[in-house]
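The values are calculated or read from the model by the stated rules, or taken from the named source; none is laboratory data. Quick caveat: nothing in here was measured; it's all calculated off a predicted structure. Virtual Cβ from ideal backbone geometry, glycine too; neighbours counted across all protein chains shown. Protein only, heavy atoms only, side chains kept; ligands, DNA and RNA dropped before computing areas. Shrake-Rupley method; radii C 1.70, N 1.55, O 1.52, S 1.80 Å.
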Amino acid sequence: MSDCLFCKIIAGDIPSTKVYEDDAIYAFRDINPQAPTHVLVIPKTHIASVNGVCADNSAVIAHIFEVIPTIAKAEGLVSGYRVVSNCGPDAGQTVHHLHFHILGGKELSLDMA
Ligand code: AMP
Ligand code: ZN
């Protein structure tokens, strides 16, 4: 999508700090980190949010979750980490291209709401 921030990052039109890339997904450092390690993992195909996941595109979501442990290991998150996807206004979703936050590098707050 031409007006999507994360599609522009995938295209290289907006700079980002790459952590991982393959044919289907891209991972990069969050510009406003909420933890010592804060990585965003996104599908290269535009999906607006978790609500946009369906049988036709869910293989890339499985792939993201296959790769997340590899990214976490490479980032040294040996004590654990959190994976979060905000969906819609009540969750505070600000970028409408599906993304999974990987947060770690400290003992995370359990306050989820
Ligand atoms: P969410 O609030 O779940 O939609 O998350 C969007 C995330 O994208 C936030 O954590 C932002 O800090 C992050 N973000 C916004 N713009 C950029 C950018 N240009 N590069 C990296 N991360 C970004
Ligand atoms: Zn997009």
Q: Taking only Cα atoms and a 10 Å spring cutoff, compute GNM fluctuations for the chain and point out the largest among 98, 77, 40.
A: 77
Q.
From the helices alone, meaning DSSP H stretches of at least four residues, give me the mean residue ellipticity at 222 nm for the chain, per-run term -39500 (n - 2.57), in deg cm²/dmol to the nearest 500.
A. -6500 deg cm²/dmol
Q. Once fully extended, how much extra length lies between residue 32 and residue 44, figured as 0.36 nm per residue of separation less the alpha-carbon to alpha-carbon distance?
A. 2.2 nm
Q) Do any cysteines of the chain lack a neighbour Cys whose Cβ is under 4.7 Å away, and which are they? A) 54, 87
Q: Whole number in Å², please: accessible area per residue of segment 1-78, 1.4 Å probe, ligands, DNA and RNA not counted.
A: 58
Q: Take the alpha carbon gyration tensor of the chain, find the square roots of its eigenvalues, order them as a ≥ b ≥ c, and report rounded if a/c is under 1.5; if not, report prolate when a/b exceeds b/c, else oblate.
A: rounded
Q | Using alpha-carbon coordinates, inclination of helix 58-74 to the longest axis of the chain, degrees | A | 30
Q. Cα-based Rg of segment 65-105 per 2.2 N^0.38 Å, rounded to two decimals?
A. 1.31
